[in-house]
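Only one structure is covered here, and it is reproduced in the block below.
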Amino acid sequence: MNWNTILTIAEKDLREVRQNKMAWQPALIVPIIFVVILPLLMIGLPQFISIPEEELTQEMGDLDTMLANLPPEMQAQISGLEGLQIWIVVLAGFLFAPMFLIIPLMTASVVGAESFVGERERKTLEALLYTPASEKELFLGKVLASVVPAILLTLLSFLAFTIVVNVTAFPVMGRLWFPLPTWYPLIFWVAPAVATMAMAASVLVSSRVSTFMEAYQTSGILVLPVIILVIGQVAGVVYLDVGFALLLGTFLWILDAVLIYIGVKQFRRAELIARL
């Protein structure tokens, strides 16, 4: 296996993605919404309109039961806080965490969906398939082109989110309080695993459909597990603490290995050439 060939394929894919606005614009719009707009609304709006603590607690619903069921490490993060401070930590620190996984998921899905189908639409797939690169090198090159930008964008978004949350919440918190310990395994362990899962699934889909939009829409179903995780945390069924994040990431990496293995085994250059 020649890594120079894999890197060359990945670089070529990244150049072509930059030229496809339908591929990279959604990858930028989503982080802006999650990193800037939502934190400003969640943290800044209650300060701007000066919601009384009693009304704020009522709007949040019955938090007592939820807070009582939090794991000990999460309860320690809100110990000694009150009113708007609890609102900020619970929303931005806890409930928002699984939603952040949409960034690597969507970025890897978009680039992965564009991989083979984009080549077909640009009429460059046939030339690529006739290169001396092996089928494994072709597949892994596509994989690398999807995962690297997804991870980089996630890290940049996390940095920007940290700044926005701390700056916006500073008048209430009086200190720099974010990120919480839960976010470190989420960003550095779970998010790369999510990006790899989205990429592997999207590359498999894009090698079997005819248009970029068809591949993108099919890959969109991958968002459902993240939505379920968000709902589960809001409902108090599951909490994304450090232990759960480590277990979730481990499970996803095992799933990634299986998907990549299946992808490499099922990738057939002859079938793609025949479809052309």
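Yes/no matrix, rows are residues, columns are (1) at pLDDT 80 or above; (2) touching a helix residue (DSSP H, G or I) at 6+ places or on another chain (Cβ under 9 Å); (3) not polar (S, T, N, Q):
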residue: Met1; (1), (2), (3): no, yes, yes
residue: Asn20; (1), (2), (3): no, yes, no
residue: Thr65; (1), (2), (3): no, no, no
residue: Pro72; (1), (2), (3): no, no, yes
residue: Pro98; (1), (2), (3): yes, yes, yes
residue: Leu101; (1), (2), (3): yes, yes, yes
residue: Gly112; (1), (2), (3): no, yes, yes
residue: Val117; (1), (2), (3): no, yes, yes
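Do we have any residue at all in segment 28-46 that's modelled with pLDDT under 70, farther than 22 Å from Leu95 by Cβ and either part of a helix (DSSP H, G or I) or of a type outside the set (Asp, Glu) (or both)? Walk me through it before giving the result.
Restricting attention to segment 28-46, the residues satisfying the condition of being modelled with pLDDT under 70 are none.
No, that holds for no residue.
What residue, of Leu229, Leu224, is surrounded by 15 or more Cβ atoms within 10 Å (Cβ to Cβ) and modelled with pLDDT of 60 or more? Reasoning before the result, please.
Values: Leu224 fails: surrounded by 15 or more Cβ atoms within 10 Å (Cβ to Cβ).
Result of the check over Leu229, Leu224: Leu229.
Restricting to segment 230-267, what's the tally of residues that are under 15 Å from Pro71 (Cα atoms), touching an Asp or Glu at 6+ places or on another chain (Cβ under 9 Å) and not in a helix (DSSP H, G or I)?
1
Looking for whichever is farther than 24 Å from Ala198 by Cβ, modelled with pLDDT of 90 or more and surrounded by 18 or more Cβ atoms within 10 Å (Cβ to Cβ) here; the options are Phe161, Phe178, Phe170. Which one fits?
On the way: Phe161 fails: farther than 24 Å from Ala198 by Cβ; Phe170 fails: surrounded by 18 or more Cβ atoms within 10 Å (Cβ to Cβ).
Residue meeting the stated conditions: Phe178.
The values are calculated or read from the model by the stated rules, or taken from the named source; none is laboratory data. Being a predicted model, the structure only gives us computed values, none of them experimental. Because the Cβ atoms are built from the backbone with ideal geometry, glycine has one as well, and the counts that use them run over all protein chains shown.
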